[in-house]
Amino acid sequence: MATLSSEKEQLFRDLYDNKVPKRVPISANFSIEFAIQYMGKDLGELQWNTTLLEEAFEKVGQDFFTDINPCGISLRNPLHYKLLGARNFVMSSNGFMQHPEVHGLEAEEYDAFIASPYNCILEKILPRIYTELNTSPAQKSIVFAKAFKAYYDELSVDRARMQRINKKFGYSSLGGIDVLTEAPFDFIADQLRGFKGIIRDLRMYPDKLLAAVEAVTPLMIRQGIPPKSPSKYLNTFIPLHMAPYIRPQDFEKFYWPTLKKLVEELAAMGYPCMLFLEHDWMRYVDYLCDLPENTRMRFEYGDPQLVKEKLGRKHIITGFYPITLLKTGTKQQCIDKAKELIDLLAPGGKYMFGFDKGIITADSVNTENLQAVLQYVAENAHY
């Protein structure tokens, strides 16, 4: 498998080196929930007893061809959230980790946040989002220590498991996610003010909201630095949430400047970014042209031909393949869609095959169609 791993890794090295790879690299993302369901196991049980996950990941590796580990590391392990008394991530009755609409910052507290985002997060926001931190300083320290230990213990197990799976199936060590951060506006929306709150703030507190977005930007930059030496082969992942839901004039004023600064500063330090452009970003394509060369961009919806024309010579493109087709289409229709996207996006390089979103559940796709598409790309997407 070492030879296979080297071959797959070379695909991504060529991609990031502005060379045309031997074939189109495949970057497919399956959730841990998908792997558990695909093996026919209980979601709740395996997320609490993660020693059984390796068997699920091995079954995925045996049945689906990809160039990187499709399941990776769990971002939403329930143990540390339970210890913290989390309100922002909770396990539903069917075993899925859900993100309810919560907020940790009140509108009248913007001034305190702007003055010191870090202190405000520690002193006001975290105790509201994590109920077990709403206690005395001494008890809070104990809860923090338990949660951090649980998180890093599980992360250590996850990484060791991932290395074994990578070795067994010859997955590339490049092409995945090395660290995650957020666009400053999204960070304010996701955890601090909530979707409803930030939409209201755009109208009622625009000056304070803008100052808050700018104030939190240094924290988002720091969060986006991987714990590794700078390298053009790394990826700082930034899922972009709110832009399609706000007016273009609000995007231009509140969203874009700090996102651009985040991506540019990380790139200047030697850390390229991988953007997940959620929903439809076609009205903002021209803005994306201005980001540093070889920014990785995964598109959910939109016009792939327009993206190829506008961005394909400067940036690395992926996404667009609709996972809904894997559920509703015939095997030939699914293969034809892959061929259509490859013919359009692959010429000249700077393209890796990927779906429009991660595959979350086993019943959201026809797994035979999924297998057929991945096999087709592996065998036919040669330059």
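Mind checking whether some residue in the range 125-135 is without any contact (Cβ under 8 Å) to a residue 40 or more places away in the chain, exposed (fewer than 13 other Cβ atoms within 10 Å of the Cβ) and more than 14 Å from ILE188 (Cα to Cα)?
Checked against the condition, which is being without any contact (Cβ under 8 Å) to a residue 40 or more places away in the chain, exposed (fewer than 13 other Cβ atoms within 10 Å of the Cβ) and more than 14 Å from ILE188 (Cα to Cα), the range 125-135 yields no hits at all.
Rundown of residues vs (1) touching a residue at least 12 places away in the same chain (Cβ under 8 Å); (2) under 22 Å from LEU75 (Cα atoms); (3) out of contact with any Asp or Glu (no Cβ under 8 Å at 6 or more places or on another chain), yes/no style:
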site	(1), (2), (3)
LYS228	yes, yes, no
LYS232	yes, no, no
PRO244	yes, no, no
GLN249	no, no, yes
GLU265	yes, no, yes
PHE276	yes, yes, no
ARG283	yes, no, yes
GLU300	yes, yes, no
GLN305	yes, no, yes
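Yes/no per residue for (1) within 23 Å of LYS350 (Cβ to Cβ); (2) assigned to a loop (DSSP other than H, G, I, E, B); (3) in contact with a helix residue (DSSP H, G or I) (Cβ under 9 Å, 6 or more places away or on another chain):
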site	(1), (2), (3)
ALA145	no, no, no
ALA150	no, no, yes
VAL157	no, no, yes
GLN163	no, no, no
SER173	yes, yes, yes
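Consider GLN47 against the criteria (1) without any contact (Cβ under 8 Å) to a residue 40 or more places away in the chain; (2) among the polar types (S, T, N, Q); (3) within 29 Å of GLY194 (Cβ to Cβ): it satisfies all of them except one. Which criterion is unmet?
Every condition holds for GLN47 apart from (1).
Across the range 360-383, what is the number of residues that are at pLDDT below 95 and either within 30 Å of GLY95 (Cα to Cα) or of a type in the set (Asp, Glu) (or both)?
Residues meeting the conditions: 5.
When LEU306 is evaluated against the numbered criteria (1) modelled with pLDDT under 95; (2) more than 21 Å from the chain's Cα centre (by Cα); (3) not β-branched (Val, Ile, Thr), which criterion, by number, is the only one it fails?
The one condition LEU306 does not meet is (1).
If you take the residues in the range 160-201 that are in contact with a Leu (Cβ under 9 Å, 6 or more places away or on another chain) and of a type in the set (D, E, K, R), which one is nearest to THR3 (Cα to Cα)?
In this case the residue turns out to be ARG161.
Quick one: would you say LEU174 is more than 26 Å from PRO218 (Cα to Cα) and under 17 Å from the mean Cα position of the chain (by Cα)?
Considered against the rule, which asks whether it is more than 26 Å from PRO218 (Cα to Cα) and under 17 Å from the mean Cα position of the chain (by Cα), LEU174 comes out as yes.
Quick one: in the range 311-348, which of the residues that are under 25 Å from the mean Cα position of the chain (by Cα) and in contact (Cβ under 8 Å) with a residue 60 or more places away in the chain is nearest to PHE34 (Cα to Cα)?
THR318
Sort out which residues of the range 328-357 are over 19 Å from GLN305 (Cα atoms) and surrounded by fewer than 15 Cβ atoms within 10 Å (Cβ to Cβ), and write them in order of number.
Within the range 328-357, THR328, THR330, GLN332, GLN333 meet the criteria.
Looking at the range 198-209, which of the residues that are under 17 Å from ALA243 (Cβ atoms) and not hydrophobic (A, V, I, L, M, F, W, C) is surrounded by the fewest Cβ atoms within 10 Å (Cβ to Cβ)?
Among them, the one singled out is PRO206.
Can you tell me how many residues in the range 29-85 are buried (at least 18 other Cβ atoms within 10 Å of the Cβ), more than 25 Å from GLY175 (Cα to Cα) and aromatic (Phe, Trp, Tyr)?
1
Could you go through the range 236-244 and let me know if any residue there is in contact with a helix residue (DSSP H, G or I) (Cβ under 7 Å, 6 or more places away or on another chain) and in a helix (DSSP H, G or I).
Looking through the range 236-244, at least one residue is in contact with a helix residue (DSSP H, G or I) (Cβ under 7 Å, 6 or more places away or on another chain) and in a helix (DSSP H, G or I).
The values are calculated or read from the model by the stated rules, or taken from the named source; none is laboratory data. In this text, all values refer to a predicted model and were calculated from it rather than measured experimentally. Note: ideal-geometry Cβ built from the backbone for every residue, glycine included; neighbour counts use all protein chains shown.
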